[in-house]
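The values are calculated or read from the model by the stated rules, or taken from the named source; none is laboratory data. Everything numeric here is computed off the predicted structure, so don't read it as measured data. Backbone-built Cβ (ideal geometry, glycine too); neighbour counts: all protein chains shown.
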Amino acid sequence: MPKRVHNAGFTLIELVAVIVILGILAAVSAPKFSDLSRAAKIAALEGIEETMRSTARMTKAMAAANGLKVSSSNPGGGQSQYVIQVGGGSSELDWRNLCPESRAELGSRLTMVDYINLTGNMQSRVNNRYTFIGFDIPGSAPSGQGCYVIYDSFGFPDCTFTVVDGEC
């Protein structure tokens with residue numbers, strides 16, 4: 001009589017049970033991973049916001065060292081007296097608040113983006129007043145939708161920085 005060999009393996013019921021358990025675990029953990037992605041995006045935006053704030057503080061300190069003061073009205077004449085030298089060239093400051101203009105018309109024509117080392121899949125959009133940096137940014141005007149930081153260089157009495165994270 002031949003020797004009977006028992007194959008040690010899983011039954012179909014055992015395999016189905018394991019697949020069901022893995023499916024339940026995936027359903028429970030997937031939202032947590034998406035929350036981590038949202039939290040990482042918001043943390044990146046907050047880091048960019050703080051870099052922008054530091055840039056504004058630095059340029060204000062340099063402006064003060066150069067004897068510049070806030071003006072109550074547009075000085076006209078191309079505002080050439082509101083250009084200061086910075087590490088990457090020269091930066092035009094807004095006369096209302098001594099913050100760097102989002103896109104300068106004078107000097108080296110630096111933008112706020114020139115001060116920031118963007119990596120990954122960050123997008124940016126800049127006009128003379130606003131700088132948008134983030135993952136999902138609007139056209140040319142601020143909106144409450146998207147996932148970005150907005151810098152308003154013409155803010156009064158100070159430039160403003162806002163994180164919009166409703167759609168991160």
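Data table
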{"quantity": "Filter result for the condition that a residue is part of a helix (DSSP H, G or I), modelled with pLDDT under 85 and either surrounded by 10 or more Cβ atoms within 10 Å (Cβ to Cβ) or not aromatic (Phe, Trp, Tyr) (or both), over Ala26, Ala64, Ala44", "calculated": "Ala26"}
{"quantity": "So Asp114, is it touching a residue at least 24 places away in the same chain (Cβ under 8 Å) and in contact with a Gly (Cβ under 6 Å, 6 or more places away or on another chain)", "calculated": "yes"}
{"quantity": "Candidates Thr119, Thr162, Thr131, filtered to the one that is within 24 Å of Arg38 (Cα to Cα) and not in a strand (DSSP E or B)", "calculated": "Thr119"}
{"quantity": "Evaluation of Glu50 against (1) surrounded by fewer than 14 Cβ atoms within 10 Å (Cβ to Cβ); (2) at pLDDT below 95 (one fails), failing number", "calculated": "(2)"}
{"quantity": "Single residue of Leu93, Leu106, Leu98 found to be on the phi > 0 side of the Ramachandran plot, in contact with a helix residue (DSSP H, G or I) (Cβ under 7 Å, 6 or more places away or on another chain) and surrounded by 15 or more Cβ atoms within 10 Å (Cβ to Cβ)", "calculated": "Leu98"}
{"quantity": "Test for Gly107: is it over 13 Å from the mean Cα position of the chain (by Cα) and more than 20 Å from Asp158 (Cα to Cα)", "calculated": "yes"}
{"quantity": "Every residue from the stretch 77-136 that is of a type in the set (Phe, Trp, Tyr) and modelled with pLDDT of 90 or more", "calculated": "Tyr82, Trp95, Tyr130, Phe132, Phe135"}
{"quantity": "Selection status of Tyr151, in contact (Cβ under 8 Å) with a residue 12 or more places away in the chain and under 30 Å from Arg38 (Cα atoms)", "calculated": "yes"}
